[in-house]
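These notes are about the structure you will find just below.
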Amino acid sequence: MSEVARYTRRMVLGTGLAMAATVALGAGLGGVAFAADTVKLGVSIPAATHGFTGGIVWWANQAKAELEKAHPNLKITVKTASGAPEQANQLQDLVTVTKIDSLVIFPFESAALTQPVLQAKKKNVYVTVVDRGLTDPSAQDAYIAGDNTAFGRIPAEYIAKKYNGKANIVALRGIPTTLDNERWEAFTGVLKQYPDIKILDGKYANWNRDDAFKVTQDFLTRFKDIDVVWAADDDMAFGVLKAIEQAKRTDIKEVFGGAGSKTMVKTILDGSNPLIHADVSYSPKFIYDAIKMTAEARLKGDKLPATYIIPSSLITKENAKEFYFPDSPY
Amino acid sequence: MPSGPTSAPTPATEAGAVSARKAGRRFDPHRFGPVVGLVLLLIVGTALNPDFATWDNMMNVLTRTAFIGIISIGMCFVIISGGIDLSVGSMAALIAGGMILLMNALAGSVGSPVVVVALGMLFALLLGGGFGLAHGYLITRGRIEPFIVTLGTLGIFRAVLTWLADGGAITLDNDLSDAYGPVYYGSLLGIPVPVWVFLAVSVAGAVLLNRTAFGRYVQAIGSNEQVARFAAVDVDRVKLLTYGLLGVCVGIATVLYVPRLGSASPTTGLLWELEAIAAVIVGGTSFKGGEGRIAGTVIGAVLLSVISNILNLTSIISVYLNAAVQGCVIIAVAFLQRRRP
C-alpha cells in the first residue's frame, strides 16, 4: 500500500516538475524572441588580483546595484573566477543552477573558454563577450572591448606632436600577450613615420610597479639622454617616477602611463607632478558599459551591434574631470 | 653483533674520515662555484656595457638585492633544518599592506611622522615573527608538512592583502612617505641603507649558523632529525625558531621595501619565494638540508639580480628569451658548485 502511495506521489511530483520545466523553457524561448518580462543576467569576470581587475570587479558590482534598482525585473548575478577552469565551471553553474538568459563574460583566455561559452549559447543564452575575443566568433552575440590599438597610437601621436617629431623614448611593456603586442605595434607603427624619434629600447616590466622600478633604473644607467618614458600602464608609471626621482635625472621631460587610473587622473587634474601631463583612457568601466548595454537591450528585446569598440581617448588637464571616479578602487 | 675488539677502532677511523673530509672541503674548488659564476658574470657585464661597472649601477643592484637577500638568509636556516617556506612573498606583501594601513591610521593621532614610521617598522617585525612562529607551530605541533602549511598560507596571506586593498593598491600617506623615504633611498658613507642592513643581517646569520649552539642544532636536525632527537636536541623548539627567524627576516625586508614605492598591491612580492629558495640553493646549500652557507646564499642572491641587470643593460637577446638566459645561468652555476658523489 505504502509502496504504491510513494510511487504515485513521485509520479505526481515528476509530472509537476516536467510541466514547470516546460513552462520555464517556453518563457526562456519567449525571452529570445520578444521583450522579456524578466531578465536573468549572469556576469563572469576575473577575480581582483591586481589594480585593473580590481576595477573590473568594482564596476561590475556598481552596474548590478544601479541597474537592479532601475529595473525591478532584472536580476544580475556576478561571479569572479581566478582561472580559466574555474570560470568554465562557474559558467555551467550560471546556466544550469541560476538559469540565466543573458551573459556578460570577460574571458580569462580566449581559446579555453570558447567551448564553454558556445555550450551556454546553445542553451539560448544571449552572450556578450568583453575585452578578449573568443577564437570562434559564432559563440558570441556581441563583442565589446577597449581599443588596444588606440592605447598605443594615442600616446605615440601625442609625443610626436608635442616634441615636434624629435625625441628619445624608452618604453616599458606589460606581459608577453597579444594585447601587449597590439599596443606595442600601434605605438611603434606611428613613430616609424618620424625619423628623428628614437625608441631606444622596450623591456617587459609585467604591469608591475616593482619590475618597472628596476627596469627604469637600468634604462637610466644605460641611456644618458632620455626625453620621454612610455610606461604603457599607470601602475608601471608609478615605479618609473620613483626610479627617476631616485636618480635625480633632469633630462626626462615626460612619463606617459596608460589606462587612466584614479591616482593618475588626479595627478593630471591637479598638475601635481611635472613629469605627468597626459594619459590615455582604457578604463575597467567598460565592464559597466557592457553590462548596462546588454541588460537594457535584453529588457527591450533588442540586439546589440556585433562589435562595439569603446573608444580610448587622450586625457589631459582640460578633460581629466570626466575620467575621475574617486570611489573606484582603480 | 660486533664484539668489543672490532668496534674499538671505529671512533678513531671515523674521526680520521671527518678530518680528511674537512681538509678536502677546504680546498674544494666546487665550493667557490657561485663566486666563480658571479665573477664571470661581472666580466661579461662589463664587456657588454661599460656602464655596468659603475658605482651607481653596483649600488642599484645591491640595493634591490637586499630584500631577497635578507629573506634568503632566513630561508637558508629553514632549508638547512630540512624545511621549506613557500609563503615568504605573500607574507611580505601582507606585512607591507598591514604596516601601511597601521601607519596611515596612526598618522591622525600621533603627531610626529618619525614616531609613526618607527611604530610601523616595529609592527612589521612583530607581524613577521608572529607569522613565522605560527608556521613553526603548525609544522612541529600540528605535524603538517612544511610544504603544505606554507602553501596554504601563501594563498591566505595574498588573498587577505588583496581583500584589504580591494584589488587595488594600499598607498602610504605623502607626509609619512617623505619621513620614511630615507630608509630605502638614504645612504651612509656612500652606501645605501638597505645594503648596510643586508650586510648586518648576513654577518649575524653567519655567526648564528657557524658559531652558536643553535646553528649546530639546525645543521644536526637537517642531517638527521632522529639522531638529533636522541642527542637531546629540542628539535621542535629549534624548528619553531628557524621559522620565526625567517619571519623576522621577511619583516626586515618589508621594512626596507615599503619606502621604495610607498605602496603594497596584490603583485607585491610575487615569486619572491622562488627567488629566495633559488638564491639559497645556487649558493651551495643542500636542498635536503644538513649543510649550508650564508656567504654562498648572499652571493647567490646577488648573482640572480645581476643576471636581470645585465639583460636590461643590453639588447642583444630578444626580450622574449630573458627568462631562458636566467634559467641557463642558474643551472650552470649550480653545476659549478655541485657536490662530489
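Listing A:71, A:277, B:135 from the residue with the fewest other Cβ atoms within 10 Å to the one with the most, what is the order?
If I rank by nearby Cβ atoms, fewest first, I get A:71, A:277, B:135.
When you take every Cα atom in the stretch B:149-305, what is the radius of gyration, and what is Dmax, the widest Cα pair distance, in Å?
Values for the stretch B:149-305 (Cα only, Rg and Dmax): 18.1, 56 Å.
Under a point spin-label approximation (7 Å from Cα along Cα-to-Cβ), what is the residue A:124-residue A:109 distance to one decimal in nm?
Modelled inter-label distance: 3.3 nm.
Enter the angle in degrees (range 0 to 90, nearest 10) between the Cα long axis of helix A:110-122 and the first principal axis of the Cα atoms of chain A, meaning the one along which they spread out most.
Taking Cα atoms only, the helix is inclined about 30 degrees.
So how many Å³ per residue does the convex hull of the Cα atoms of the stretch B:51-273 work out to?
So the per-residue hull volume is 136 Å³.
Give me the net charge for the shell around residue A:134: Cβ to Cβ below 13 angstrom, other residues only, Lys and Arg +1, Asp and Glu -1.
Result for the local shell: -2.
Please compute the average number of Cβ atoms from other chains found within 10 Å of each residue's Cβ in peptide A:195-201.
Partner-chain Cβ atoms within 10 Å, mean over residues of A:195-201: 1.
With a sphere of radius 13 Å drawn around the Cβ of residue B:104, what net charge do the other residues whose Cβ falls strictly inside it have (Lys, Arg +1; Asp, Glu -1)?
-2
May I ask you to compute the full-extension gain from residue B:295 to residue B:39, defined as 0.36 nm times their residue separation minus their alpha-carbon distance, rounded to one decimal in nm?
90.7 nm
For the stretch A:241-303, which chymotrypsin sites (Phe, Trp or Tyr not before Pro) are both in a DSSP coil and crowded by at most 16 other Cβ atoms within 10 Å?
none
If contacts are Cα pairs under 8 angstrom and at least 6 residues apart, what is the relative contact order of chain B in percent?
In percent, rounded to a whole number, it is 34.
Bins of 20 Å, beginning at zero and ending with the bin holding the largest distance: percent of Cα pairs per bin for the protein assembly as shown, please.
Reading the bins upward from 0: 16, 42, 29, 10, 2, 0.
The stretch B:209-248 to the stretch A:72-149: how many Å between their Cα centroids?
Cα centres, the stretch B:209-248 to the stretch A:72-149: 53 Å.
I need the peptides A:194-200, A:113-119, B:278-284, B:72-78 ranked by packing, meaning the mean over residues of other C-beta atoms within 10 angstrom, with the highest value on top.
B:72-78, B:278-284, A:113-119, A:194-200
For the stretch A:148-280, rounded, prolate or oblate, judged on the Cα gyration tensor with a ≥ b ≥ c (square roots of eigenvalues), a/c < 1.5 rounded, else prolate if a/b > b/c?
Rounded.
All other residues with a Cβ under 14 Å from the Cβ of residue A:205 taken together, and with Lys, Arg as +1 and Asp, Glu as -1, what is their net charge?
Around residue A:205, the surrounding residues sum to -1.
Quote the charge dipole size of the protein assembly as shown about the Cα centre in Debye, to the nearest 20; the model charges only the Cβ of Lys and Arg (+1) and of Asp and Glu (-1).
The calculated dipole for the protein assembly as shown is roughly 1520 debye.
Count neighbours as other Cβ atoms within 10 Å of each site's Cβ, and list the trypsin sites (Lys or Arg not before Pro) in the stretch B:122-181 that are DSSP loop with at most 15 such neighbours.
Counting only loop positions with at most 15 other Cβ atoms within 10 Å, the trypsin sites (Lys or Arg not before Pro) in the stretch B:122-181 are B:141, B:143.
Which distance in Å, rounded to a whole number, links the C-alpha centroids of the stretch B:37-64 and the stretch B:100-130?
What the calculation gives is 36 Å, centre to centre.
Counting each pair of different Cα atoms once, what's the Kirkwood radius of chain A in Å, rounded to one decimal?
21.9 Å
On C-alpha positions alone, give me the angle between the axis of helix B:213-223 and the longest principal axis of chain B, in degrees, nearest 10.
70 degrees
Taking Rh as the Kirkwood radius, which is the inverse of the mean 1/r over Cα pairs, what is the Rg/Rh value for the stretch B:301-341?
Ratio of gyration radius to Kirkwood radius for the stretch B:301-341: 1.07.
Which residue, chosen from A:104, A:137, A:175, occupies the Cα position most advanced towards the positive end of the dipole of the stretch A:58-203, where the dipole is computed from +1 (Lys, Arg) and -1 (Asp, Glu) charges on Cβ about the Cα centre?
The listed residue farthest towards the positive side: A:175.
Could you check the spin-label model distance between residue A:149 and residue B:274? Points 7 Å from the Cα along Cα→Cβ, value in nm.
Roughly 3.5 nm, to one decimal.
So how tilted is helix A:234-247 from the main axis of chain A? Cα-based, degrees 0 to 90, rounded to 10.
Around 20 degrees separate the two axes.
Please report A:227, B:56, B:236, A:218 as a ranked list, fewest other C-beta atoms within 10 angstrom at the top and most at the bottom.
Ascending Cβ contact count within 10 Å gives the list B:56, B:236, A:227, A:218.
Work out the length of the dipole vector of the stretch A:67-221 about its Cα centre, built from +1 on the beta-carbon of each Lys and Arg and -1 on the beta-carbon of each Asp and Glu, and round it to the nearest 20 debye.
Roughly 280 debye, rounded to the nearest 20.
Using the Cα centre of the stretch B:51-273 as the reference point, and only Cβ charges (+1 on K/R, -1 on D/E), how large is the resulting charge dipole? Debye, rounded to the nearest 20.
660 debye
How about the stretch B:131-190: which chymotrypsin sites (Phe, Trp or Tyr not before Pro) there lie in a loop by DSSP and see at most 10 other Cβ atoms within 10 Å?
Nothing satisfies the criteria.
Divide the volume of the convex hull of the Cα atoms of the stretch A:137-185 by its number of residues and quote the answer in cubic angstrom per residue.
Taking only Cα atoms, the stretch A:137-185 has a hull volume of 93 Å³ per residue.
Each reported figure results from applying straightforward, stated rules to the coordinates on display, with no laboratory input. Note that the structure is a prediction, hence the values are computed from the model and not measured. For neighbour counting, all protein chains shown are included, and Cβ atoms are generated from backbone atoms with ideal geometry for every residue, glycine included.
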